[in-house]
Amino acid sequence: MKDRPHLTLPPQNPRDTSPPSVSYLSRVQESVNALKAWRGALPVPEMVVVLGSGLADAVDGLDNLACARFEDIPGFRTTHVLGHRSELRVGRVECVLPDGRTGSREVAFLRGRNHAYEGFDAGEVVHNVRTLLHWGAKGVLLTNAAGCLDISWPVGSLMVLSDHINFTGLNPLAYPYGAGFEPRFVDMGRCYDAEWRSDLKAMARAQGLTMNEGTYFGVLGPTYETPAEIRMMQTLGAHAVGMSTVLEAIAARQLGARVAAVSCFTNHGAGLSPEAVLDHADVLDVGKASARGLAKLLLAAAVSLPL
Ligand code: HPA
């Protein structure tokens, strides 16, 4: 990818209702055009996989796929969070499925993501996923590191999201982040695809992985929660808490994509294990340790989940 200067949007002032000088939609179109120019006649990725904290280096074969650094894609922004790279990997992925068949598909891996707590606005957080869907992808598989709210589920285990509570205070479909994207009012009753969830659970079982299922509580961060906040989340019926995923899931559903998300539990929520002190380095270490199993599952899911 050739080096190109980034588009910069004016700072968002909630009291300023004038249209932004560069729309989020036109920025997505600019990114899509750049990716089309980069890949030329090569096939468009059908599936998007977003690799969360600790997962970026766990997926086998990623380094053999074509690479574009976020900083080299017009409209993309670079994340500076430790444990996240900032690159897009694209290409044909082939892998042996748990049932012995071989699956193969064009996949785009986002190795790292932008978080709202870094100062990215809701439109920037979802920009990369929106771009890949506008380019032609039909499905999005999201992953994240999360705090576990159920003390009977071990650290290192996985959870497929059945639902979420968006507590970030943000929404990528609200003006100006959603201007030009249709439809405006999106049904969130079936955000996480039921067939994909059941396929993911079956694949995890076949691989000997424990896959729980539950509701993800999405927060802005970057602080971890207080014990009182964790009790509130439990009372509200959540099973996991994390600082990503919900905005990307909303943006992907608006564009009609099938969506699934898997949390990798790196710790129990604050106050649930009294001796534990929450620390980002530990979150990354635990993430890495359980990442290998999840990485294998992700490859199988990426090539076989129905689109
Ligand atoms: N809270 C919020 N986000 C997280 C946590 C947590 O406990 N662990 C990993 N990401």
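The values are calculated or read from the model by the stated rules, or taken from the named source; none is laboratory data. Quantities reported herein were computed from a predicted structural model and do not represent experimental measurements. Counting neighbours? That spans all protein chains shown, and the Cβs are built from the backbone with ideal geometry, glycine included. Ligands, DNA and RNA are excluded from the accessible area calculation, which covers all protein heavy atoms including side chains. Shrake-Rupley method; radii C 1.70, N 1.55, O 1.52, S 1.80 Å.
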At 0.36 nm per residue, minus the direct Cα-Cα distance, what do residue 71 and residue 307 gain on full extension? Give it in nm, one decimal, please. 82.0 nm
Might you tell me the accessible area per residue for the range 41-126, computed with a 1.4 Å probe and given in Å²? 37 Å²
For the chain, what are Rg and Dmax over the alpha carbons, in angstrom? 18.4, 57
Going by a ≥ b ≥ c, the root eigenvalues of the Cα gyration tensor, does the range 21-137 fall in the rounded group (a/c under 1.5), the prolate group (a/b larger than b/c) or the oblate group? oblate
At a 1.4 Å probe, what is the % contribution of carbon and sulfur to the accessible area of the range 91-169? 49 percent
Quickly estimate the mean residue ellipticity at 222 nm for the chain, helices only: each DSSP H run with n ≥ 4 gives -39500 (n - 2.57), and the total goes over all residues, rounded to 500. -9000 deg cm²/dmol
Per 0.36 nm of contour for each residue apart, how much would the distance between residue 179 and residue 194 grow if the chain were fully extended, relative to their Cα-Cα spacing? 2.5 nm
Applying the Karplus parametrisation 6.51 cos²θ - 1.76 cosθ + 1.60 with θ = phi - 60° to the phi angles of the range 140-154, what ³J(HN,Hα) value in whole Hz is obtained for each residue in order, glycine and proline being reported as x? 9, 10, 9, 10, 7, 8, 9, x, 9, 9, 10, 5, 7, 9, x
List the GluC sites (Glu not before Pro) within the range 186-238 that fall in a DSSP loop (any state other than H, G, I, E or B) and whose Cβ has at most 16 other Cβ atoms within 10 Å. none
Taking the chain, the lysine pairs whose C-alpha atoms sit under 28 Å apart (8 or more places apart or on different chains) add up to 8
Once the dipole of the chain is set up with Lys and Arg at +1 and Asp and Glu at -1 on Cβ about the Cα centre, which of 155, 208, 254 lies farthest towards its positive end? 254
Cα Rg, Dmax (largest Cα-Cα span) when computed across the range 56-122, Å: 14.4, 45
What is the diffusion coefficient of the range 22-79 in µm²/s, taking the Kirkwood radius over Cα pairs and the Stokes-Einstein relation at 37 °C with a viscosity of 0.692 mPa s? 247 µm²/s
What is the gain in length, in nm to one decimal, between residue 273 and residue 57 on full extension, counting 0.36 nm per residue of separation less the C-alpha to C-alpha distance? 74.9 nm
